[in-house]
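Each reported figure results from applying straightforward, stated rules to the coordinates on display, with no laboratory input. Owing to the predicted nature of the structure, the values given are computational and were not obtained by experimental measurement. FYI the Cβ positions are ideal-geometry reconstructions off the backbone, even for glycines, and counts take in every protein chain you see.
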């Protein structure tokens, strides 16, 4: 042992270590696959996963927001439409009867002229102007006027009662769901079915608001001018009845109007009819639930995290942080009125 060189002694040590490791490995052989069990353990291995953050809201969150808000929005829209239709329905009622009677009697006069082949009646069933510059209306034109007046009046009241009915039926459903009195998937599905029925009604109501409500509101002013001022035939007896009922004149004197001694009939009658801007407002309110649903999605997907709104929110937060809070109560209390002033002993000081 003493004759061995240091070099040979150093070379024998690593060999023993390697041999010891090989023997231990042979006693309990374990491979790399035993440490990384693909698909059977919590660690599956396999590199870096791609992380993609989407700015669009998930459909689950979108449905949750609509469940919490769309029912209330739909209910308020139905109530608002019912109120507007009720107000203008009552206002229109006073003019509707007189206007319907006048159109029907004028239609009867035009029909008699047509049957008698009067020279003033249009020969080709088209509105024409006679030698004296008077415009004559046809039977077909007056029938269209009567049909538009009646359809507008009946549709207005029909939509009013339908909005009232749906508002009454939707109110308890919205209250029960939003107060949390009924929970579960069944209640949520039933609630969504009711909302869908209300939205389908809004789609149908939109068609009726376009015609005849909006169409009639746009045609009524020119119709009144043509019936009472511009065209013939005219029913003079019915004109006199309208003037006495509304206390107005179809041909007032300008000086008497300025002195407020006479009132023209046409402006008073037009003010009682449904104006065009009110019909446009009704259409907007009817479509508002759909616009609100679209805005909710667009806000969450594109506007909420945009640079402009982020900057605005950060400025508001910064201004709120810099704002000095006002005291909640006054800490100063005035001295009592009869209290004697304190005497200070100077000698003791």
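Here are the numbers:
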{"quantity": "Model label zone, residue 111; criterion: amide N under 20 Å from point 7 Å along Cα-to-beta-carbon; scope the range 230-256", "calculated": "232-239"}
{"quantity": "Cα gyration tensor of the range 111-195 - equivalent ellipsoid semi-axes, whole Å, descending", "calculated": "59, 10, 9"}
{"quantity": "Gain on full stretching of the segment that runs from residue 196 to residue 337 - 0.36 nm per residue minus C-alpha separation", "calculated": "43.6 nm"}
{"quantity": "Cα-based shape type of the range 59-296, given that a ≥ b ≥ c are square roots of the gyration tensor eigenvalues and the cut on a/c is 1.5", "calculated": "prolate"}
{"quantity": "Cα-based Rg / Dmax (Å) for the range 180-238", "calculated": "23.2, 69"}
{"quantity": "Average projected area [Cα convex hull, the range 106-160], square nanometres", "calculated": "4.4"}
{"quantity": "Per-residue Cβ neighbour rank within 10 angstrom, fewest leading, 95, 193, 182", "calculated": "193, 182, 95"}
{"quantity": "Over the range 204-260 - Rg/Rh using Cα atoms and the Kirkwood inverse-distance radius", "calculated": "1.15"}
{"quantity": "Förster radius 25 Å - calculated FRET efficiency between residue 169 and residue 63 (Cβ-Cβ, nearest 0.05)", "calculated": "0.65"}
{"quantity": "Computed over the range 157-205, Cα set: Rg, Dmax in Å", "calculated": "12.1, 38"}
{"quantity": "Hull shadow area, averaged, the range 229-303 [alpha-carbon convex hull, nm²]", "calculated": "9.2"}
{"quantity": "Rh (Kirkwood; distinct C-alpha pairs) - the range 79-121, Å", "calculated": "12.7"}
